[in-house]
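Visitor: Have a look at this one before I ask anything.
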Number of protein chains: 2
Amino acid sequence: MRHAVILAGGSGTRLWPASRRARPKQLIALSSTGDALVTTAVRIGADLAGDRVTIVTAASQAAATREVVPGISLIEEPFGRNTAAAIGLAAAKLVLEDPDAVLAVMPADQHVTNRSGLVHALDVALRAAEQTDAIATIGIAPTRAETGFGYLELAGPATLDTVMPVVRFVEKPDLATAERYVSSGRYLWNAGIFCARAQRLLAELEVHLPATAAAVREIAKHPELAAARYEALASISIDHAVMEKAARVVTVPASVGWDDIGSWAALPAVRGSDASGNTIAGEAIVLEGTGNIVMTDDAIVAMVGVSDFVVVKSGDAVLVIPKDRAQDVRLVIAALEARGLTKFV
Amino acid sequence: MRHAVILAGGSGTRLWPASRRARPKQLIALSSTGDALVTTAVRIGADLAGDRVTIVTAASQAAATREVVPGISLIEEPFGRNTAAAIGLAAAKLVLEDPDAVLAVMPADQHVTNRSGLVHALDVALRAAEQTDAIATIGIAPTRAETGFGYLELAGPATLDTVMPVVRFVEKPDLATAERYVSSGRYLWNAGIFCARAQRLLAELEVHLPATAAAVREIAKHPELAAARYEALASISIDHAVMEKAARVVTVPASVGWDDIGSWAALPAVRGSDASGNTIAGEAIVLEGTGNIVMTDDAIVAMVGVSDFVVVKSGDAVLVIPKDRAQDVRLVIAALEARGLTKFV
């Protein structure tokens with residue numbers, strides 16, 4: 001049977017203050033539909049697998065996750081140990097109930113414009129996993145020379161919605177390399193979305209990460225052991241642990257308006273802009289300014305003569321930062337922690 | 001007997017959003033002592049006149065004013081009609097109880113660094129009013145070529161804390177004129193602070209503004225007539241109505257750290273700055289930035305790479321504006337009113 005596995009373990013601070021440790025990015029409504037990103041991921045999962053949708057999340061975020069997507073099966077990690085452990089645990093749990101489980105794995109915090117397009121690509125990938133026991137990733141046709149993502153290298157030009165062998169996983173490139181990748185037509189964004197049989201994933205883990213394989217099988221049978229076993233697990237991504245080493249890794253190239261929301265600067269791609277070139281979520285008055293990103297929950301934001309700024313009011317915090325410094329929200333998090341103001345993180 | 005009359009009728013929007021129509025500038029704590037400006041004014045009044053302190057305010061602000069300075073005698077105007085009407089009404093009321101009342105009149109929203117210095121200057125001015133029936137203003141020795149104030153012209157250089165004749169009241173000058181005024185030593189800021197016998201003020205009003213004089217005397221006896229009579233009163237300042245035309249107008253030059261707080265840009269003069277050159281009231285983290293003015297009530301404000309900005313979080317509103325545009329908060333007020341968002345004003 002098909003199962004959707006949604007990874008929702010983000011640390012939640014890149015979109016501070018809307019996103020917090022206890023209420024990370026995937027649980028907040030960034031799009032104009034008012035839906036949280038995780039809700040969109042669950043819908044995609046349900047399109048593929050009906051009610052067989054499982055979210056893997058940190059225990060500290062479980063209550064907030066249940067609040068946003070009630071009734072969805074949750075696997076709680078005592079704390080994050082990167083994707084190899086999270087996916088391994090999901091595979092080990094699901095295979096106990098359904099030895100023939102085939103998984104569609106995806107992050108909870110992705111943004112997708114063309115949801116049905118992604119469902120179609122995942123359907124092609126699931127069939128590859130079912131019929132050939134491949135590990136079938138979704139490769140996103142790049143729309144810019146992004147240096148923040150890893151890439152999948154193909155032997156030749158990508159053809160959308162077809163199964164193609166992956167030659168190589170490549171790390172985040174520098175800008176010149178990224179530009180070369182994009183113009184070549186042979187490189188796709190690695191979006192962290194893939195399909196595989198649970199048995200195959202566990203078998204790969206047993207080869208490449210045997211301690212993790214043993215631990216997740218044990219925890220799947222005895223969840224009360226999670227707290228004791230998790231600490232010792234290697235914190236490693238499924239890409240590094242398995243994908244880069246495994247045979248029969250294929251990809252389904254897709255062009256579905258997929259994007260990561262890595263910082264506030266990405267919000268216009270999700271929500272669009274108004275006639276003045278400002279992206280506004282919530283009540284705001286922006287006079288004599290353009291290129292601003294404004295998000296506010298329960299206060300009106302008023303700006304005069306300000307351009308290319310990010311202004312976010314959320315709960316007990318206000319962020320003001322130039323758009324080209326949006327990545328430096330991390331400096332705020334560091335300062336809050338250094339000053340013992342962790343209640344705001 | 002001496003009486004202090006504090007004028008608290010400001011429209012309250014220049015320091016939006018901390019200041020609102022219903023809770024104007026004089027009722028909020030701008031200084032680091034946590035005291036509202038009106039509290040400081042009442043202290044000065046009490047230093048001069050004991051418990052004979054009266055605040056004149058708009059009926060719409062009366063409840064908020066009582067909250068801040070409980071127990072102080074209030075005269076409520078149905079709405080603002082500028083200072084001639086407000087002072088006339090106070091004089092008419094006080095003279096009913098005390099025919100020999102001598103008034104020390106001052107605005108509620110002034111900032112004074114050297115309070116006892118101002119009390120001393122006012123004491124000199126009160127004696128001039130008591131002994132010579134003069135109208136005795138306080139003339140503030142200018143510390144900059146301010147174009148936002150009117151000036152008092154003297155015949156010769158000012159001598160602090162002495163009674164000197166005023167040659168002329170002059171309107172807000174342009175910058176070149178203001179610079180000439182300041183370098184001459186013969187011009188003082190008109191701070192709107194003066195002392196006079198109530199009978200003298202009423203006599204001047206009877207000459208120069210007879211309808212107002214008759215109305216305030218009538219309202220003083222029959223407060224229930226205020227709503228009906230106020231609408232027809234001329235909206236004119238005491239300077240234009242009386243000071244510029246009256247004989248025996250003198251001034252007591254004072255250098256007491258007096259200032260108006262005309263916009264957020266003036267806050268550093270009131271509160272000082274920290275080692276990074278930022279003026280911060282409330283909880284804030286300002287990284288890689290200087291010259292900012294930050295005021296927040298119940299949310300932390302975080303800024304990275306921002307300099308010379310005003311950021312204010314107060315109640316249900318957030319303001320972000322470059323410091324050199326601080327006067328343009330009025331554009332926000334206009335936009336809020338144009339969009340029917342008067343609840344935020």
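The values are calculated or read from the model by the stated rules, or taken from the named source; none is laboratory data. All values reported here derive from a predicted model rather than from experimental measurement. Neighbour counts run over all protein chains shown; Cβ positions are idealised from the backbone, glycine included.
The rows are residues; the columns are (1) under 15 Å from the mean Cα position of the chain (by Cα); (2) closer than 30 Å to A:D161 by Cβ; (3) touching a residue at least 60 places away in the same chain (Cβ under 8 Å).
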position: A:A41; (1), (2), (3): yes, yes, yes
position: A:I44; (1), (2), (3): yes, yes, yes
position: A:A62; (1), (2), (3): no, no, no
position: A:E77; (1), (2), (3): no, no, yes
position: A:L96; (1), (2), (3): no, no, yes
position: A:G117; (1), (2), (3): no, yes, yes
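Visitor: Another question, if that's okay. Could you please give the count of residues in region A:234-272 that are closer than 30 Å to A:L160 by Cβ, of a type outside the set (K, R) and in a helix (DSSP H, G or I)?
Guide: Total meeting the criteria: 12.
Visitor: Can you find, within region B:326-340, the residue that is farthest from B:T279 (Cα to Cα) among those that are at the interface with chain A (Cβ under 7 Å from one of its Cβ atoms) and surrounded by fewer than 20 Cβ atoms within 10 Å (Cβ to Cβ)?
Guide: Ranking the qualifying residues of region B:326-340, first place goes to B:A335.
Visitor: Here's a check for you: in region A:7-32, which residue that is within 14 Å of another protein chain (Cβ to nearest Cβ) and assigned to a loop (DSSP other than H, G, I, E, B) is modelled with the lowest pLDDT?
Guide: Filtering first and then ranking leaves A:T13.
Visitor: Follow-up question, since we're still on this one. Which condition breaks for B:A178 when tested against (1) closer than 24 Å to B:T132 by Cβ; (2) buried (at least 19 other Cβ atoms within 10 Å of the Cβ); (3) within 22 Å of the chain's Cα centre (by Cα)?
Guide: So B:A178 meets the others, but not (1).
Here is a yes/no grid of residues against (1) touching a helix residue (DSSP H, G or I) at 6+ places or on another chain (Cβ under 9 Å); (2) in a loop (DSSP other than H, G, I, E, B); (3) modelled with pLDDT of 95 or more:
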{"residue": "B:I285", "(1), (2), (3)": "yes, no, yes"}
{"residue": "B:G291", "(1), (2), (3)": "yes, yes, yes"}
{"residue": "B:V294", "(1), (2), (3)": "no, no, yes"}
{"residue": "B:V301", "(1), (2), (3)": "no, no, yes"}
{"residue": "B:V306", "(1), (2), (3)": "yes, yes, yes"}
{"residue": "B:V310", "(1), (2), (3)": "yes, no, yes"}
{"residue": "B:V318", "(1), (2), (3)": "no, no, yes"}
{"residue": "B:Q327", "(1), (2), (3)": "yes, no, no"}
{"residue": "B:G340", "(1), (2), (3)": "no, yes, yes"}
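Visitor: Looking at (1) out of contact with any Leu (no Cβ under 8 Å at 6 or more places or on another chain); (2) away from chain B (no Cβ under 14 Å); (3) polar (S, T, N, Q), find the lone condition where A:Q61 falls short.
Guide: Among (1) out of contact with any Leu (no Cβ under 8 Å at 6 or more places or on another chain); (2) away from chain B (no Cβ under 14 Å); (3) polar (S, T, N, Q), A:Q61 violates only (1).
Visitor: Could you name every one of the strands (runs of 3 or more DSSP E) located completely within region B:121-233 that has at least 3 residues being among the hydrophobic types (A, V, I, L, M, F, W, C)?
Guide: B:135-140, B:187-197
Visitor: Could you say which residue among B:T83, B:T57 is among the hydroxyl-bearing types (S, T, Y), part of a helix (DSSP H, G or I) and closer than 14 Å to B:P107 by Cβ?
Guide: Residue meeting the stated conditions: B:T83.
Visitor: Starting from residues that are touching a residue at least 24 places away in the same chain (Cβ under 8 Å) and surrounded by fewer than 22 Cβ atoms within 10 Å (Cβ to Cβ), keep the ones in region A:298-325 and report whichever is farthest from the other protein chains (Cβ to nearest Cβ).
Guide: Checked region A:298-325; the qualifying residue farthest from the other protein chains (Cβ to nearest Cβ) is A:K323.
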